[in-house]
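Remarks on the structure that follows.
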Amino acid sequence: MDARWLVRVFRLVDVIGAMLMAAPVTLGRDLLTGVAWTLAIPIAMRVFGAYAFPRKQSLARHLGHVGKALVAAAISAVLASLIFNPMDARSALPLLFASGFLVTLHASWWKIIEHARRQGLLTPNVFIVGATANAQRFIEAAMRTGEVNVLGLFDDRLRRAPVNILGVPLLGDTDALLNHRLAPYIDRVVIAITASAETRVRELSEKLGVLPHPLNLFVDGGTPDEDDATLARIAVGAEHSLSGWRDLRRRRIVAKRAMDLTLATLGLIAAGPVMLATALAVKLDSPGPVFFRQRRHGFNNEEFLVWKFRSMRHDAADAQAARQIRAGDDRVTRVGRFIRKTSLDELPQLFNVLRGEMSIVGPRPHAVGMRTAGVESSKLVAEYAHRHRMKPGLTGWAAIKGSRGPVDTPECVRRRVALDVEYIERQSFWLDLYIILMTVPCLLGDRSAVR
């Protein structure tokens, strides 16, 4: 959960609630009074910090800020009435009820935030790079404030680094961080080496830049109060990050998810009869289950089960993709050859999209442990992990640019990764729409791709 998004929701509900509660005044004879009060509410709430929810702020203190904002809004309403139209008691009463309603709302907002914090939903998990004195200061600040959970340390000087710092374990070097099993549950990565080591900071930023996590620098030389303030800014994302997917505009992320949900829902409705017919054909064609499930890499290298219609003999299933598909592959069934050629085997992945594991447009998900020419594909390209900075997709930039099907040579892997990284750097709503529109003609016109 993101506290900033919660605050935006709270603010929107406050504005709608204020408008509805002040409607009798606004629609009555005191139009300007009601309008002045309604407009003053969100401004005053923000000025007096009623949308800030510090971790140790009590309910009484929070409601004190709300009370100041309501007094300021009331003064605005009175001034408007004195200038334009004197306000009578019939107008004052609804505004008093509205003020009470907003106090109740903010008591609820405070309870929601407090409950989420107790559950750990608003406490980001972090990895620290550098088992240094800076790391110890960071961990001490985390223990004092409770703003973050520090899950582990990473340092390339394993022989000289301590086994743990204040109970936080050393989990390995930076290579181990890139593929660590806890990485999907991490919200940000903090570099805690000496800030004066500019070359090392730059090297680490480049190396860890393949991760989707925001990358922050915790510099040395601060007092405990300054450390606490820096930690609080890092926790809420207010501290400028060196890299990471959160640098993308959040509206773009919301728009992409809205597009995914809309198109996946419409796609399942439209393709329902085709999917039923395909499932029946697969079942009648060869023994075995209708669906084939395979573990693949998703966003932030997290593994998930992708769903496809089974296109190969069940006894020849290759869940690890140790042997990639090739022309005339004897493992593919008769129906399988048709549904692979038309990409009908991919339709069940619409359920993966609805579950949030995939997107309509993005890098195609590769199987865990997939090998190319006997070597694990991820080890052939240094930038391979860049593909996981975004959710995998049903279709993508690489697909419409001719990189479809197996990546059975190192050159194919490099081209696929280069196109995926290009898409991630350029991603936008309109580019996604273009890729979706180009997918069908590309599928129909690309007869050379092995499927």
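If you filter the stretch 107-128 down to residues that are open to solvent by 10 Å² or more (accessible area, probe 1.4 Å) and not in a helix (DSSP H, G or I), you find that the one that is farthest from PHE53 (Cα to Cα) is ASN125. Is it the case that some residue within the stretch 255-274 is open to solvent by less than 60 Å² (accessible area, probe 1.4 Å) and in a loop (DSSP other than H, G, I, E, B)? Within the stretch 255-274 (the criterion being open to solvent by less than 60 Å² (accessible area, probe 1.4 Å) and in a loop (DSSP other than H, G, I, E, B)), the answer is no, since none of the residues qualifies.
For the stretch 179-194, the criterion of a residue being in a helix (DSSP H, G or I) and more than 26 Å from ARG117 (Cα to Cα) is satisfied by no position. Going through (1) open to solvent by 40 Å² or more (accessible area, probe 1.4 Å); (2) outside any strand (DSSP E or B); (3) farther than 24 Å from VAL9 by Cβ one by one, THR104 falls short only on (3). In the stretch 3-49, the residue that is farthest from the chain's Cα centre (by Cα) out of those that are in a loop (DSSP other than H, G, I, E, B) and touching a residue at least 24 places away in the same chain (Cβ under 8 Å) is ARG29. Residue by residue through the stretch 256-282, note down the ones that are of a type in the set (A, V, I, L, M, F, W, C) and either in contact (Cβ under 8 Å) with a residue 12 or more places away in the chain or touching a Pro at 6+ places or on another chain (Cβ under 6 Å) (or both). Answer for the stretch 256-282, where residues must be of a type in the set (A, V, I, L, M, F, W, C) and either in contact (Cβ under 8 Å) with a residue 12 or more places away in the chain or touching a Pro at 6+ places or on another chain (Cβ under 6 Å) (or both): MET259, LEU261, LEU263, ALA264, LEU268, ALA271, VAL274, MET275, ALA279, ALA281, VAL282. Name the residues in the stretch 393-426 that are at pLDDT 85 or above and outside any helix (DSSP H, G or I), would you? Within the stretch 393-426, GLY393, LEU394, THR395, GLY396, LYS401 qualify. Considering the stretch 133-178, and only residues there that are in contact with a strand residue (DSSP E or B) (Cβ under 8 Å, 6 or more places away or on another chain) and part of a helix (DSSP H, G or I), the residue that is nearest to LEU122 (Cα to Cα) turns out to be ALA142. If the condition is being modelled with pLDDT of 85 or more, within 14 Å of VAL126 (Cβ to Cβ) and surrounded by 13 or more Cβ atoms within 10 Å (Cβ to Cβ), then the stretch 181-204 contributes ILE186, ASP187, ARG188, VAL189, VAL190, ILE191, ALA192. Given the structure, is ALA131 crowded, with 16+ Cβ neighbours inside 10 Å and in contact with a Ser or Thr (Cβ under 9 Å, 6 or more places away or on another chain)? Spelling it out, it is not the case that ALA131 is crowded, with 16+ Cβ neighbours inside 10 Å and in contact with a Ser or Thr (Cβ under 9 Å, 6 or more places away or on another chain).
The values are calculated or read from the model by the stated rules, or taken from the named source; none is laboratory data. Remember, it's a predicted structure, so these values are computed and weren't measured experimentally. For neighbour counting, all protein chains shown are included, and Cβ atoms are generated from backbone atoms with ideal geometry for every residue, glycine included. Just the protein is used for accessible areas: all its heavy atoms, side chains included, with ligands, DNA and RNA removed. Shrake-Rupley method; radii C 1.70, N 1.55, O 1.52, S 1.80 Å.
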